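*Asks:* Before I ask anything, let me first share the structure, which is written out below as C-alpha cells.
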Amino acid sequence: MTIKAGTKIPASSLKTMSAEGMQTITTDELFKGKKVVLFALPGAFTPTCSAKHLPSFVQLADKIRAKGVDTIACLSVNDAFVMDAWGKNQNVGDKVTMLADGNGDFTKAVGLTMDGTGYGMGVRSQRYAMVVDNGVVKTLNIEAPGAYEVSSAEAILKTL
C-alpha cells in the first residue's frame with residue numbers, strides 16, 4: 001500500500017555520511033518534532049535527477065526553509081558513498097541532507113518502489129516529494145512514470 005497524506009511515516013533506518021563517516025539515521029530521528037521536505041528519485045547521477053531534481057532543491061533551499069522547514073532531504077536507493085559523492089558533485093553543502101536507502105527498505109515500507117530492471121537499475125524509488133510534519137505526511141506528490149513536475153522544489157514551495 002502506498003503511503004498517503006495523513007499517514008505516519010513507518011519506522012525505518014537510512015544511511016548518511018558525515019565528517020565521522022557513515023551514520024545511521026532512523027526515521028524517528030529524521031522526522032520527530034520537525035517539518036521535513038523529503039524528495040526521492042530513481043538514482044544518483046542519473047540525467048533528470050542531476051540536471052533538475054536535486055539542483056532545484058539546492059537552489060530553493062533558503063526559500064523552503066523560510067516557510068518553516070527544518071530539513072530538506074534527498075533519498076535514493078543508492079549506497080551512502082554514492083549519495084555523498086553525488087552531493088559533493090552537486091555542491092549540496094548543508095542545504096540538502098543526502099540519504100541512502102541502499103536496500104530499499106524505506107522505499108518498500110512507503111510503497112513507492114519502481115522496477116528499473118529493464119534499465120539495469122534493479123528496484124529503485126519512484127520520483128516523489130513529500131512534506132512531513134512531526135512524522136505525519138501532510139503532502140505527497142508522486143510523479144507519473146518519466147515525468148518531472150509535481151515533485152520539483154518549485155511545486156513543493158507552492159504547497160508550503
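All of the numbers you see were taken from the coordinates with simple rules; none came from a lab. The structure displayed is predicted, hence computed values, not measured ones. Positions of Cβ are generated from backbone atoms using ideal geometry, with glycine treated the same way; all protein chains shown enter the neighbour counts.
*Asks:* Where Lys and Arg each count +1 and Asp and Glu each count -1, what net charge lies around ASN134 among other residues with Cβ under 10 Å from its Cβ? If you can, show how the numbers build up before the last one.
*Replies:* Numbers: positive: LYS8, LYS32, LYS34, LYS35, LYS138; negative: ASP133.
Spelling it out: positives minus negatives among the neighbours equals +4.
*Asks:* Compute the distance in nm between two label points, each set 7 Å from the Cα along the Cα-to-Cβ direction, one at ALA19 and one at ASN103.
*Replies:* Between ALA19 and ASN103, the simple spin-label model gives 3.1 nm.
*Asks:* With a sphere of radius 15 Å drawn around the Cβ of GLY33, what net charge do the other residues whose Cβ falls strictly inside it have (Lys, Arg +1; Asp, Glu -1)?
*Replies:* Net local charge, GLY33 excluded: +1.
*Asks:* While we're on this one: Just list whichever of LYS15/LYS52; LYS8/LYS32; LYS32/LYS88 have alpha carbons separated by over 21 Å in the model shown.
*Replies:* Over 21 Å apart, Cα to Cα: LYS15/LYS52; LYS32/LYS88.
*Asks:* Specify which residue in the list CYS74, LEU160, THR97 is farthest towards the positive end of the charge dipole of the range 43-160, using unit charges on the beta carbon of Lys, Arg (+1) and Asp, Glu (-1), about the Cα centre.
*Replies:* My answer, from the dipole projection, is LEU160.
*Asks:* Sort MET130, MET121, MET1 so that the residue with the fewest other Cβ atoms within 10 Å of its own Cβ comes first and the one with the most comes last.
*Replies:* Values: MET130 26, MET121 14, MET1 6.
Fewest-to-most ranking of MET130, MET121, MET1: MET1, MET121, MET130.
*Asks:* A further question on this structure: Can you compute the charge dipole magnitude of the range 29-106 about its Cα centre, using +1 on each Lys and Arg Cβ and -1 on each Asp and Glu Cβ, nothing else charged? Give it in debye, rounded to the nearest 20. Provide the component values of the computation, followed by the final result.
*Replies:* On the way: 9 positive and 8 negative charges, 90 e Å.
Dipole of the range 29-106, to the nearest 20 debye: 440 debye.
*Asks:* When the helix-only estimate is applied to the chain (DSSP H runs of n ≥ 4, each -39,500 (n - 2.57), divided by the residue count), what is the mean residue ellipticity at 222 nm, nearest 500 deg cm²/dmol? Don't skip to the answer; put the middle values down first.
*Replies:* Details: 6 runs with 38 residues, N = 160.
Helix-only estimate at 222 nm: -5500 deg cm²/dmol.
*Asks:* How do 101-107, 114-120 rank on mean C-beta neighbours within 10 Å, highest first?
*Replies:* Averaged packing, sorted descending, gives the order 101-107, 114-120.
*Asks:* Could I ask something else about it? Which length gain, in nm to one decimal place, applies between ASN89 and ASP133 when the Cα-Cα distance is subtracted from 0.36 nm times their residue separation?
*Replies:* On the way: separation 44, 0.36 × 44 = 15.84 nm, distance 2.96 nm.
That works out to 12.9 nm of additional length.
*Asks:* Could you check the spin-label model distance between ASP62 and GLU149? Points 7 Å from the Cα along Cα→Cβ, value in nm.
*Replies:* Here the modelled spin labels are 3.1 nm apart.
*Asks:* Can you tell me the length gained on complete extension of the stretch LEU160 to MET1, counting 0.36 nm per residue apart and subtracting the Cα distance?
*Replies:* Between LEU160 and MET1, full extension yields 54.7 nm more.
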